[in-house]
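Down below is the structure, laid out as structure tokens.
The values are calculated or read from the model by the stated rules, or taken from the named source; none is laboratory data. Bear in mind that the values here come from a model prediction, so they are computed numbers and not experimental data. In this analysis, Cβ positions are derived from the backbone assuming ideal geometry, glycine residues included, and neighbour counts consider all displayed protein chains. To get the accessible areas, we keep the full protein, side chains included, count just its heavy atoms, and leave off ligands, DNA and RNA. Shrake-Rupley method; radii C 1.70, N 1.55, O 1.52, S 1.80 Å.
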Amino acid sequence: MKAPVFEEFDPASDCDCPGCLRWRSVARSSPSSLTIGLGGHPAAHGARRALVLAAAAAAATVIGGAHTVPAVASDHGPARPGLPSSDEPPTPQGGSGPLQGPAGRPASALGHVAGLPATTRAAIVNRAKLWLTAKVPYSMVKFWRDGYRQDCSGFVSMAWNLGSNEWTGSLGKFGTRITRQQLQPGDMLLFHNPSNPQKGSHVVLFGGWTDYTHTYYVAYEQTPPSARKQSTPYAYWSNSSHYVPYRYKGLKLEEKAAVGGSASTQFPGVKSFGAGANNANVTRLGKLLVGRGGGRFYTIGPGPRWGEADRLATQAFQRAQGWTGANADGRPGPTTWAYLVGGKGKNILPLAGGASGPGSATSKVPPYPGRGMFRPGASNAYVTQLGRQLVKKGFGKNYTKGPGPRWGEAARRGVEAFQRSQGWRGGAADGYPGPETWRRLFS
């Protein structure tokens with residue numbers, strides 16, 4: 001690991017209370033307001049002022065040795081467990097500029113769109129994880145040891161390895177607009193508010209869908225207090241309709257076929273698939289199918305051994321293109337392969353309501369009864385069925401008796417524990433079973 005190229009400043013305050021957020025916002029817009037104790041904490045300043053006033057009042061009224069302790073009101077509130085859409089922290093950002101070296105001096109000239117450095121999806125995600133591991137604090141005026149500004153747009157500039165610090169108003173020229181269905185890890189979701197760039201503008205890296213419904217995804221982002229990875233509703237907690245997906249123009253093909261090291265777009269041959277096949281091409285096929293909506297066919301994997309899940313997912317993709325007969329037999333040929341690796345054609349449609357369908361890998365899963373069956377006050381046979389499955393799967397420790405038909409905290413906590421075991425967080429792990437939770441629990 002390379003040594004830092006310049007001495008780090010004290011990290012920006014990561015206090016997330018309303019008072020500090022308001023003070024930082026005022027400080028950014030009016031430098032002359034930075035007189036609170038020469039940069040002291042605003043809540044602490046308010047506390048000292050309250051103490052002085054209380055002491056003065058006490059001196060005017062109290063005679064003798066007795067004294068009172070003044071009650072101090074503070075702007076501080078409890079730490080927020082998440083980022084609900086109605087209470088997101090502001091994410092102001094700096095403008096376009098070069099990387100920063102020692103003593104804040106520019107380390108290189110401004111980057112240009114021509115001759116973008118080539119990178120891969122894996123490299124983009126790995127670079128993003130470096131800031132998560134280091135817990136890089138959020139700041140619109142400071143620069144991390146790699147020279148990138150510590151705000152949302154600086155974070156994406158770093159992950160895409162642009163060689164310059166960009167902002168939401170310029171990042172779009174480094175990417176190509178894509179659709180929601182085409183999103184893959186390493187792409188970005190960009191919201192630029194031209195009428196007021198300092199309010200609402202934000203950008204995040206797409207890390208992949210959390211499940212086949214494509215309603216939540218893993219977002220890598222730089223936001224107060226520091227870089228984070230979090231399950232996020234598509235497209236974001238607020239201003240959702242204004243986020244636009246982009247793919248980096250310098251992205252190169254990173255995968256090579258296992259046979260002969262040929263280009264990844266080349267069909268590896270019919271012998272790579274079918275009964276008895278066990279190779280990297282089967283794994284790659286499965287991952288491509290999952291990316292196109294075929295995740296429901298896999299209870300585990302995808303993996304290198306060809307199985308019924310691969311055949312069913314391939315057949316579902318072929319039928320989504322309108323193909324029939326021998327063209328939809330579940331065995332990938334050159335055309336099917338070209339559609340998958342090229343991102344062409346239609347995605348596999350999800351089953352309505354998450355219910356199972358004939359011939360699918362979920363056919364043994366009981367139909368999902370709907371969210372209304374699992375709400376406070378609900379009492380029905382589905383709650384009992386859910387509870388018994390939680391116990392069977394090892395998530396029934398919260399039951400003191402039962403499970404029974406009445407929805408309660410024991411059931412909710414059991415569902416939440418199961419959802420977290422799937423790697424879900426935030427709203428995707430709220431303890432209330434949706435179609436995908438139901439499918440996985442009964443698979």
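Computed values, structure above
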{"read-out": "Relative contact order [Cα under 8 Å, 6+ residues apart], region 302-443, whole percent", "value": "19"}
{"read-out": "Cα-projected label distance for residue 335 with residue 242, points at 7 Å along beta-carbon direction, nm", "value": "4.5"}
{"read-out": "Share of carbon and sulfur in the accessible heavy-atom surface of region 160-317 [1.4 Å probe, %]", "value": "51"}
{"read-out": "Stretchable slack from residue 130 to residue 265, in nm (0.36 nm times residue separation minus alpha-carbon distance)", "value": "45.6 nm"}
{"read-out": "Virtual spin-label span in nm between residue 214 and residue 321, 7 Å along Cα→Cβ", "value": "1.7"}
{"read-out": "Unsatisfied cross-links (Cα-Cα over 18 Å) in the set 142/229; 129/229; 173/249; 129/252; 129/249", "value": "142/229; 129/252; 129/249"}
